[in-house]
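Working notes for the structure below.
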Amino acid sequence: MSGERVPLLKIEHLTMRFDGLVAVDDLSFTAYRREITAIIGPNGAGKTTVFNCLTGFYKPSAGRLAMLAGDETLLLERMEGFRIASDAGMARTFQNVRLFAGMTVLENLIVAQHNALMAASLFSIAGLLGLPRYRAAERAAIERARHWLDRLGLIARADWVAGALPYGDQRRLEIARALCTGPRLLCLDEPAAGLNPRESAELNTLLLGIRDDEGIGILLIEHDMSVVMGISDQIVVLDHGRKIADGTAAEIRADPKVIKAYLGEEEEAPLPAETEAHIGFSRTGNTC
């Protein structure tokens with residue numbers, strides 16, 4: 001990315017303990033506006049725990065989680081979970097699809113705008129009376145939903161029941177639903193899980209467009225290295241809860257500590273070609 005980097009999220013000394021288990025250990029890094037920051041690492045490295053701390057599912061054992069919103073600094077560890085979404089402007093998807101399967105595609109996106117609609121309805125009074133302020137808010141919510149459905153290629157399926165969508169479309173719908181909240185930071189937990197190579201390539205294009213056209217920061221957990229290496233401005237690597245590397249795709253690909261964490265080797269050794277292809281670290285700079 002060109003130009004000056006503007007911090008959006010600062011994580012400082014984040015630690016999360018579950019009784020005697022330290023799931024995240026003294027983690028610090030910064031995510032920037034208009035950038036895609038990926039968090040990667042072997043299974044059990046603590047990636048989803050970081051997301052759960054950021055979005056209020058867990059209260060960290062220690063550390064500072066600062067969202068920088070203009071001149072204001074919001075400390076996420078002191079906020080209730082629902083305030084993190086509404087006040088800090090953080091939206092999230094999950095490893096497993098969590099749509100309202102019985103609602104239509106359009107209804108899923110309108111429900112995501114529940115807070116704004118409730119405020120416009122004066123908590124149901126204006127809605128029940130059909131007052132102009134509520135009708136205007138409802139039109140705006142539908143317009144925003146249709147905008148994101150069109151942007152993500154789902155507008156033709158707006159009236160489909162969400163549970164009847166193909167899996168790849170359900171993944172895209174989850175992202176559209178998060179975007180309908182107007183986030184500053186979009187947190188995606190394994191959005192490429194279960195996608196085929198064509199769908200993963202389409203996901204790359206989509207996320208780059210969200211970054212470049214909307215100016216939204218993206219924080220990404222992903223095992224698909226073709227996604228991570230193809231779109232990330234910054235990559236943070238965790239192993240057993242600790243950060244072992246932080247840098248660009250080229251820097252991460254060549255880092256001995258990262259290679260060791262993925263391979264579990266005690267000593268450096270040349271990577272077999274099939275292993276490089278599997279984890280996405282190519283010494284020629286190509287990704288799988």
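The values are calculated or read from the model by the stated rules, or taken from the named source; none is laboratory data. In this text, all values refer to a predicted model and were calculated from it rather than measured experimentally. When we count neighbours, we look across all protein chains shown, and the Cβ atoms used for this are built from the backbone with ideal geometry, even at glycine.
If you take the residues in the stretch 237-247 that are in contact with a helix residue (DSSP H, G or I) (Cβ under 9 Å, 6 or more places away or on another chain) and in a strand (DSSP E or B), which one is surrounded by the most Cβ atoms within 10 Å (Cβ to Cβ)? Among those residues, the one meeting the criterion is Leu238.
Hey, any hits in the stretch 230-249 for a residue that's in the same structural domain as Leu14 (by TED's automatic domain parsing), charged (D, E, K, R), in contact with a Phe, Trp or Tyr (Cβ under 7 Å, 6 or more places away or on another chain) and modelled with pLDDT under 95? No; the residues of the stretch 230-249 include none that is in the same structural domain as Leu14 (by TED's automatic domain parsing), charged (D, E, K, R), in contact with a Phe, Trp or Tyr (Cβ under 7 Å, 6 or more places away or on another chain) and modelled with pLDDT under 95. Residues in the stretch 10-38 that are touching a residue at least 60 places away in the same chain (Cβ under 8 Å) and either touching a Gly at 6+ places or on another chain (Cβ under 7 Å) or surrounded by fewer than 21 Cβ atoms within 10 Å (Cβ to Cβ) (or both): Val22, Ala23, Val24, Asp25, Asp26, Ser28, Phe29, Ala31, Tyr32, Arg33, Arg34, Glu35. The number of residues in the stretch 209-243 that are more than 25 Å from Asn96 (Cβ to Cβ) and in contact (Cβ under 8 Å) with a residue 60 or more places away in the chain comes to 6.
Yes/no matrix, rows are residues, columns are (1) over 23 Å from His13 (Cα atoms); (2) outside the structural domain of Phe29 (by TED's automatic domain parsing); (3) out of contact with any strand residue (DSSP E or B) (no Cβ under 9 Å at 6 or more places or on another chain):
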site: Tyr58; (1), (2), (3): no, no, no
site: Gly63; (1), (2), (3): no, no, no
site: Ala69; (1), (2), (3): no, no, no
site: Glu77; (1), (2), (3): no, no, no
site: Gly81; (1), (2), (3): no, no, yes
site: Ala85; (1), (2), (3): no, no, no
site: Val105; (1), (2), (3): yes, yes, no
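For the structure I just gave you, tell me whether Gly46 is out of contact with any helix residue (DSSP H, G or I) (no Cβ under 9 Å at 6 or more places or on another chain), touching a residue at least 60 places away in the same chain (Cβ under 8 Å) and not acidic (Asp, Glu).
Values: out of contact with any helix residue (DSSP H, G or I) (no Cβ under 9 Å at 6 or more places or on another chain): yes; touching a residue at least 60 places away in the same chain (Cβ under 8 Å): yes; not acidic (Asp, Glu): yes.
In short, yes.
Screening Ala162 on (1) buried (at least 19 other Cβ atoms within 10 Å of the Cβ); (2) out of contact with any Gly (no Cβ under 9 Å at 6 or more places or on another chain); (3) over 23 Å from Ile36 (Cα atoms) shows it passes everything except condition (2). For the stretch 58-110, which positions are assigned to a strand (DSSP E or B), surrounded by 13 or more Cβ atoms within 10 Å (Cβ to Cβ) and of a type in the set (Val, Ile, Thr)? Within the stretch 58-110, Thr104 is the sole residue that qualifies. Quickly run through the stretch 165-200 and pick out the residues that are without any contact (Cβ under 8 Å) to a residue 40 or more places away in the chain and touching a helix residue (DSSP H, G or I) at 6+ places or on another chain (Cβ under 8 Å). Those that are without any contact (Cβ under 8 Å) to a residue 40 or more places away in the chain and touching a helix residue (DSSP H, G or I) at 6+ places or on another chain (Cβ under 8 Å): Gly168, Asp169, Arg172, Ala192, Gly194, Leu195, Asn196, Pro197, Glu199, Ser200. Screening Arg64, Arg33 for residues that are of a type in the set (D, E, K, R) and over 27 Å from Ala145 (Cβ atoms) leaves exactly one candidate, Arg64. Taking the numbered list (1) at pLDDT 95 or above; (2) touching a Leu at 6+ places or on another chain (Cβ under 6 Å) in turn, Ile84 passes all entries but (1).
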